1. Any chance you could count how many residues in segment D:117-135 are crowded, with 19+ Cβ neighbours inside 10 Å and over 22 Å from D:R32 (Cβ atoms)?
2. I'm trying to understand the selection: among the residues of segment A:1-22, which are within 11 Å of chain B (Cβ to nearest Cβ) and either of a type outside the set (A, V, I, L, M) or out of contact with any helix residue (DSSP H, G or I) (no Cβ under 6 Å at 6 or more places or on another chain) (or both)?
3. I'd like to know if segment B:118-131 contains one or more residues that are charged (D, E, K, R), assigned to a helix (DSSP H, G or I) and either more than 30 Å from C:A82 (Cα to Cα) or within 7 Å of chain A (Cβ to nearest Cβ) (or both).
4. Look at segment D:25-66 and say how many of its residues are under 18 Å from E:P137 (Cβ atoms) and of a type in the set (V, I, T).
5. Does E:A79 satisfy the criteria of being touching an Asp or Glu at 6+ places or on another chain (Cβ under 9 Å), under 28 Å from C:L123 (Cα atoms) and surrounded by fewer than 20 Cβ atoms within 10 Å (Cβ to Cβ)?
6. When you check B:A82 against the structure, is it in contact with a His (Cβ under 6 Å, 6 or more places away or on another chain) and within 7 Å of another protein chain (Cβ to nearest Cβ), yes or no?
7. I'm trying to understand the selection: among the residues of segment E:23-46, which are more than 7 Å from chain C (Cβ to nearest Cβ) and more than 13 Å from the chain's Cα centre (by Cα)?
Amino acid sequence: MAAIGIADTTFSRVNMGRIAEDTIRESGEQHRLVRYTVPGVKDLPVAAKRLFAEHGCDIVVACGMVGHEAVDKACGHEASTAIQQVQLMVDRHVLEVFVHMDEAEDDADLLLLATNRTRKHALNALALLKGPTSLTPLAGTGRRQGRNDVGGIPDK
Amino acid sequence: MAAIGIADTTFSRVNMGRIAEDTIRESGEQHRLVRYTVPGVKDLPVAAKRLFAEHGCDIVVACGMVGHEAVDKACGHEASTAIQQVQLMVDRHVLEVFVHMDEAEDDADLLLLATNRTRKHALNALALLKGPTSLTPLAGTGRRQGRNDVGGIPDK
Amino acid sequence: MAAIGIADTTFSRVNMGRIAEDTIRESGEQHRLVRYTVPGVKDLPVAAKRLFAEHGCDIVVACGMVGHEAVDKACGHEASTAIQQVQLMVDRHVLEVFVHMDEAEDDADLLLLATNRTRKHALNALALLKGPTSLTPLAGTGRRQGRNDVGGIPDK
Amino acid sequence: MAAIGIADTTFSRVNMGRIAEDTIRESGEQHRLVRYTVPGVKDLPVAAKRLFAEHGCDIVVACGMVGHEAVDKACGHEASTAIQQVQLMVDRHVLEVFVHMDEAEDDADLLLLATNRTRKHALNALALLKGPTSLTPLAGTGRRQGRNDVGGIPDK
Amino acid sequence: MAAIGIADTTFSRVNMGRIAEDTIRESGEQHRLVRYTVPGVKDLPVAAKRLFAEHGCDIVVACGMVGHEAVDKACGHEASTAIQQVQLMVDRHVLEVFVHMDEAEDDADLLLLATNRTRKHALNALALLKGPTSLTPLAGTGRRQGRNDVGGIPDK
């Protein structure tokens with residue numbers, strides 16, 4: 001049994017944190033879940049850091065939504081850069097599940113996209129907990145989170 | 001009782017630091033407030049760091065205004081990147097309350113925007129002091145600071 | 001005999017990790033290979049860090065593919081920035097083998113490009129293991145990975 | 001009496017370091033001044049770090065000029081990012097006095113701009129040495145360095 | 001006598017590392033030179049770090065060439081950012097001698113530019129080894145590396 005942190009935001013228009021929790025619970029695997037909700041994506045890195053340092057998590061799924069404007073894109077980039085740093089400080093994975101609002105055509109599409117990406121990355125977190133070669137059978141197969149897989153290019 | 005740092009700038013055209021102080025005082029919660037005023041947004045990160053290291057703060061609200069020019073945007077980005085680093089160095093939240101001058105239509109709008117964003121993030125700071133699930137009831141509900149909330153997308 | 005880490009992704013459309021492994025095996029040099037497969041490029045930096053810290057690697061080849069969209073380019077940049085940090089934290093080289101999908105004309109070209117770049121950087125890893133002047137005879141000779149070399153400019 | 005570091009460059013077309021020294025001397029305050037001249041803005045961060053670590057400075061004024069080209073802008077951004085890091089490593093302020101050459105209309109304007117910005121930031125350094133609320137009476141009053149102040153927006 | 005590290009690349013079309021070595025040797029000053037050749041600019045930061053940590057260098061000259069494409073510019077930026085970090089980790093200067101291929105009109109111009117910039121920065125390294133005010137007589141005089149100096153603006 002591992003401890004999995006789920007960080008999410010009040011800015012998001014989809015309850016991605018609950019979707020991540022549900023996905024892990026429905027997997028049948030027994031893990032301790034720790035939720036941490038913050039205002040926006042720029043508050044996620046330190047939440048992730050604290051989930052490792054104060055709550056003993058082994059891996060974190062960090063869910064957030066990035067707005068339409070250039071300043072929102074900059075915020076997303078700053079958050080992502082810091083999430084990289086968190087991982088290197090603790091030597092643990094943080095699965096970053098960011099949805100950019102301009103990726104979707106409308107609200108229904110945004111909900112589908114956010115749900116699909118959150119679910120797939122929650123499953124990726126479970127796979128990474130099993131070790132470094134757990135995903136190797138899927139290496140180079142063009143997996144996508146949020147949309148359909150595109151597939152690998154046969155090399156023979 | 002916690003210690004809350006309020007960092008702000010002389011560059012800003014709105015006294016965001018005082019608005020943050022007033023919001024916390026009016027909340028009725030009893031916290032020690034520590035003010036730190038610097039020239040511009042690029043001076044905020046080390047001010048926040050010192051509010052933690054030298055003044056014993058538990059959380060910091062960092063208020064600043066970002067000018068219209070490309071070079072101003074770069075400054076804002078550099079400051080935000082460093083504010084991320086501060087949080088990871090001390091494992092504490094810094095609520096970044098940045099207002100971009102080109103977000104507003106005129107002076108009156110800039111004042112409204114800066115006031116609204118500062119107040120809401122000061123309240124977010126109070127919520128985060130209560131623990132990681134304090135904001136979870138609002139997860140995925142499309143909260144905004146500075147403008148009206150946009151709401152969540154119902155998933156059922 | 002050294003330990004060489006091979007980190008790669010399920011996002012990639014080419015099995016770059018296997019190509020790197022094959023290249024090193026075919027070189028005739030005897031090294032221990034450690035594979036680590038992650039979802040995407042943003043998961044590579046901490047994988048590389050763990051290959052050094054937990055698996056005793058002396059050098060890492062980090063293979064990934066970067067999508068067409070602006071948000072993909074941002075992801076690639078964030079991953080690259082963190083791969084730089086990993087190297088400075090452990091004082092060891094990480095050969096970054098990133099292929100941008102818009103570098104290629106079609107799937108066949110993408111396969112050629114990814115294969116060529118991965119092979120050449122796997123050989124660069126072997127050279128760097130031999131010491132700091134191992135590549136000096138090739139200094140300033142316009143070597144390229146992924147495409148043909150362009151050559152040096154004669155200075156006499 | 002404090003120790004104030006003055007870092008500047010040979011790239012600059014204005015002797016900003018001397019202007020900073022003169023401003024502090026003319027203030028009547030008694031401080032030890034330490035000068036450190038480097039080629040360009042990208043050499044300033046480590047100069048500032050050494051002014052703290054090897055020369056015992058309490059604060060640093062880092063003066064530089066940024067050229068017209070895109071590559072120059074990138075250099076300025078890299079230098080600024082590192083100056084942020086220096087401050088967080090030592091918990092001391094570095095007043096960054098950067099002048100972008102395309103801010104000015106001609107040589108005379110560039111001289112005025114660089115002089116004004118350097119003088120005002122040298123005075124800001126003196127204020128910050130007096131403590132975190134030394135500048136609070138000016139909070140939100142739209143102060144500018146290099147050009148005229150724009151003023152605050154009255155909120156009542 | 002100091003130890004000077006010379007890091008360079010096989011990507012470069014000009015043997016900048018040898019030019020740096022020759023410049024220092026021709027200066028008549030007696031220094032120990034340590035060469036470190038890597039594939040490209042993104043491999044330079046850790047090479048510089050190792051030149052300090054493993055080879056006892058006092059200063060490093062890091063020479064590289066940056067390609068024409070947007071992805072090359074991103075690589076250059078990532079390398080420069082990391083070179084800044086190296087300097088702050090060891091409190092020593094790294095003179096970054098980067099030549100962007102689109103700075104030059106043709107091969108002959110690229111050779112001139114790379115040679116001029118490398119020579120001038122190798123001499124800057126020698127000056128910086130002499131102490132923080134060694135370059136102060138040239139402060140604000142508009143020095144350039146790669147092209148002709150532009151001169152200072154007289155302020156009296």
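1. Result for segment D:117-135: 3.
2. Of everything in segment A:1-22, those that are within 11 Å of chain B (Cβ to nearest Cβ) and either of a type outside the set (A, V, I, L, M) or out of contact with any helix residue (DSSP H, G or I) (no Cβ under 6 Å at 6 or more places or on another chain) (or both) turn out to be A:G5, A:D8, A:T9, A:T10, A:F11, A:S12, A:R13, A:N15, A:G17, A:R18, A:E21, A:D22.
3. In the first step, residues of segment B:118-131 are kept if they are charged (D, E, K, R); the result is B:119-120, B:130.
Retained after the next criterion (residues that are assigned to a helix (DSSP H, G or I)): B:119-120.
Next cut, either more than 30 Å from C:A82 (Cα to Cα) or within 7 Å of chain A (Cβ to nearest Cβ) (or both) only: B:119-120.
Yes, that holds for at least one residue.
4. Adding up the residues that qualify gives 3.
5. no
6. On the way: in contact with a His (Cβ under 6 Å, 6 or more places away or on another chain): no; within 7 Å of another protein chain (Cβ to nearest Cβ): yes.
No; evaluated as a whole, the condition is false for this residue.
7. E:R25, E:E26, E:S27, E:G28, E:E29, E:Q30, E:H31, E:R32, E:L33, E:V34, E:G40
Yes/no matrix, rows are residues, columns are (1) hydroxyl-bearing (S, T, Y); (2) surrounded by fewer than 21 Cβ atoms within 10 Å (Cβ to Cβ); (3) out of contact with any Leu (no Cβ under 8 Å at 6 or more places or on another chain):
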site	(1), (2), (3)
B:I6	no, no, no
B:T23	yes, yes, no
B:D43	no, no, no
B:L51	no, no, yes
B:A70	no, yes, yes
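The values are calculated or read from the model by the stated rules, or taken from the named source; none is laboratory data. Just so it is clear, the structure is predicted and the values come from calculations on it, not from any experiment. Using ideal geometry, Cβ is built from the backbone for each residue, glycine included, and neighbour counts are taken over all protein chains shown.
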